[in-house]
Amino acid sequence: MKQIYLARHAKRRMKWRGIPLTEVEEALAYPDRIEYLSTGRKNAFKSIGEKLIRVSYIEEKDRIIVLSAVDKNK
């Protein structure tokens, strides 16, 4: 897997929502669904226990930049 870089906004969201880095990594490595946006961003969705994690990111040649992470209740 490519190197993961967390944007400041993503770090804040993860802290506020109680989303550990391991869940973000799991969503990126094994997403249940990927949504491709016209802006070049992607959203990876992953169900983890009772949570649905959405990770917004941009994929570059040598790294993945995580822009945001949100816990969406089912």
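Coordinate-derived values only; no laboratory data. Remember, predicted model here, so these are calculated numbers, not experimental data. Please note: Cβ atoms are built from the backbone with ideal geometry, for glycine as well, and neighbour counts cover all protein chains shown.
Here's a check for you: in the range 48-62, which residue that is under 14 Å from residue 13 (Cβ atoms) and among the hydrophobic types (A, V, I, L, M, F, W, C) is surrounded by the most Cβ atoms within 10 Å (Cβ to Cβ)?
Applying the filter and picking the extreme gives 55.
Yes/no per residue for (1) surrounded by 13 or more Cβ atoms within 10 Å (Cβ to Cβ); (2) without any contact (Cβ under 8 Å) to a residue 60 or more places away in the chain; (3) among the hydroxyl-bearing types (Ser, Thr, Tyr):
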{"position": "9", "(1), (2), (3)": "yes, yes, no"}
{"position": "14", "(1), (2), (3)": "yes, yes, no"}
{"position": "24", "(1), (2), (3)": "yes, yes, no"}
{"position": "28", "(1), (2), (3)": "yes, yes, no"}
{"position": "31", "(1), (2), (3)": "yes, yes, no"}
{"position": "37", "(1), (2), (3)": "no, yes, no"}
{"position": "42", "(1), (2), (3)": "yes, yes, no"}
{"position": "46", "(1), (2), (3)": "yes, yes, no"}
{"position": "64", "(1), (2), (3)": "yes, no, no"}
